[in-house]
Every structure is written in structure tokens, then in C-alpha cells.
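Notes for the one structure printed next.
The values are calculated or read from the model by the stated rules, or taken from the named source; none is laboratory data. These figures come from a predicted structure and were not determined experimentally. Because the Cβ atoms are built from the backbone with ideal geometry, glycine has one as well, and the counts that use them run over all protein chains shown.
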Amino acid sequence: MSVESPRYSLPHRVIHWIMAVAILIAIPGGVIMGKLPPGQMQNNVYDLHKSLGVLVLVLALIRIALKRRDGVPPPATGVEPWQTMAATSVHHALYALMVIVPLLGFVANSFYGAAIPFFWLFTIPTFTPHNEEIAGAIFSMHTALAILFGILLAVHIGAALYHRFIRKDAVFARMSLP
Ligand code: HEM
């Protein structure tokens, strides 16, 4: 069956892909940074991870505002209703996680007492008292939800590639850049 569908707005698509690149670097960065030997390289990976997290948080808030303003295109025709429902549920969870995961990291980092050299351009200072016990508890939540985020992203990316390369329908083009 052929699938025709309108597309997300250009600003929404551009932000989607900037965020996708940022998140797909931030997640493996977060996994490896604690395992690196102490030194300048490890500091750089930590600072990159934190900068990407702040970027993702800001872009997620802009994206949610854009979505409220512009809405989303109607569901693609020719796609089963259960698939649309499943996709929408995953999208809602991704929206929640792309705010909550970096926000938890941001707050925990402040309790830990570390400033953020945002892409080495300027410094975002801490904004809470120094308390490593609270930092550790919030970091645990950050890590647990980041794992859930990774799992849902794998489902999301798998579904997108299935539409693009197996069904070869118009779903992928709803979010593609050109
Ligand atoms: C890695 C981080 C990513 C995040 C956080 C993310 C998040 C999202 C969200 C929340 C939506 C729903 C948009 C809305 O309803 O407003 C969406 C749509 C979409 N994403 Fe992603 N995405 C990511 C990566 C990817 C990748 C790597 C691909 C392709 C391989 C992809 C392909 C798509 C497509 C095709 C749609 C449109 C689906 C539709 O028709 O509704 N995404 N993405």
C-alpha cells in the first residue's frame, strides 16, 4: 500500500537531527568516561558529555514549545493504527526522557560541585550546595533513566530504519532533512 504523509516543520526536523547527533555522542561518552584513565582526555570526555547534555536539554525545551505551537502532522496514511499508537507512545516517552535525563545530570553535577565549561566557550556555575551524597543518588537515577532512554532509542531507530529500508514508505521522509 502506498503511504502519503505530510512532514514535520523544517525547524522541528533540524532540531530532531541536531539532537540525534548530540544524544548519540552523549550516551556512549557517558558509558566510557568513568572507565578512562584519569587525565586530560578523561576531563575532556566528561566536559563534552556535560556540554552535550545541556545542549540537549535546551533544544528539547525549544522543540516542545515548537510542537505546542505548530502541532504535528496527522498520522501517515497506510500505517496500521496500532503502529501509530506504538510510535506515539514511544515519542512521548522520548520527549519526557530527553528533558528528565539531562536535567538529572545537570542537577547532580551541581551538587557534586563541578562547573560546566560549555563547549569550552563559557562556564555554567554550580547552583546548589556541595553534597556528594545527594549527587550520587541523583546520578543513579540519571544512569538508570539513561539506560531506558537508550533502549527506547534503539526501538525508535529500528522502526525508522524498517520504514526507510524494508517498507520503503513515506514515514522516514516526514522527519528527513532535505
Ligand atoms: C538519537 C536520538 C533521537 C531522539 C531523541 C529522537 C526522538 C524523536 C521524537 C520524539 C520523534 C517524534 C516527533 C514528534 O512527534 O514531535 C521522532 C520522530 C522521528 N524520528 Fe527520531 N529521534 C532520534 C533519532 C532518530 C534516528 C537516528 C532516526 C533515523 C534512523 C530517527 C527517525 C525518526 C523519524 C523517521 C521520525 C518521524 C516519525 C513519524 O512519522 O512520526 N530518529 N524522533
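Could you grab the pairs with beta carbons closer than 6 Å, sequence gap of 6+ or different chains, first residue in the stretch 26-37 and over 18 Å from residue 55 (Cα atoms), second one assigned to a helix (DSSP H, G or I) and at pLDDT 95 or above? Listed pairs, sorted by first residue: 33/45; 33/46; 33/49; 36/42.
So is residue 67 touching a His at 6+ places or on another chain (Cβ under 8 Å) and in a helix (DSSP H, G or I) or not?
It is true that residue 67 is touching a His at 6+ places or on another chain (Cβ under 8 Å) and in a helix (DSSP H, G or I).
Search the stretch 149-172 for residues being more than 9 Å from the ligand (Cβ to nearest atom) and β-branched (Val, Ile, Thr), and hand back the single one that is farthest from residue 90 (Cα to Cα). Only one residue fits best here, namely 166. Residue 145 falls short on exactly one of the conditions (1) crowded, with 16+ Cβ neighbours inside 10 Å; (2) more than 10 Å from the ligand (Cβ to nearest atom); (3) not in a helix (DSSP H, G or I), and that condition is (3).
For the stretch 41-85, enumerate the residues that are touching an Asp or Glu at 6+ places or on another chain (Cβ under 9 Å) and among the aliphatic types (A, V, I, L, M).
Result: 76, 79.
One residue stands out among those in the stretch 63-108 that are over 24 Å from residue 24 (Cβ atoms) and hydroxyl-bearing (Ser, Thr, Tyr): the one that is nearest to the ligand (Cβ to nearest atom), which is 84.
In a residue-by-residue description of the stretch 128-138, the property of being farther than 21 Å from residue 21 by Cβ, in contact (Cβ under 8 Å) with a residue 40 or more places away in the chain and surrounded by 15 or more Cβ atoms within 10 Å (Cβ to Cβ) applies to no position.
Matching residues to (1) touching a Pro at 6+ places or on another chain (Cβ under 6 Å); (2) at pLDDT below 95; (3) closer than 24 Å to residue 138 by Cα:
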| residue | (1), (2), (3) |
| --- | --- |
| 45 | no, no, yes |
| 51 | no, no, yes |
| 56 | yes, no, yes |
| 61 | no, no, yes |
| 70 | no, yes, no |
| 80 | no, yes, no |
| 113 | no, no, yes |
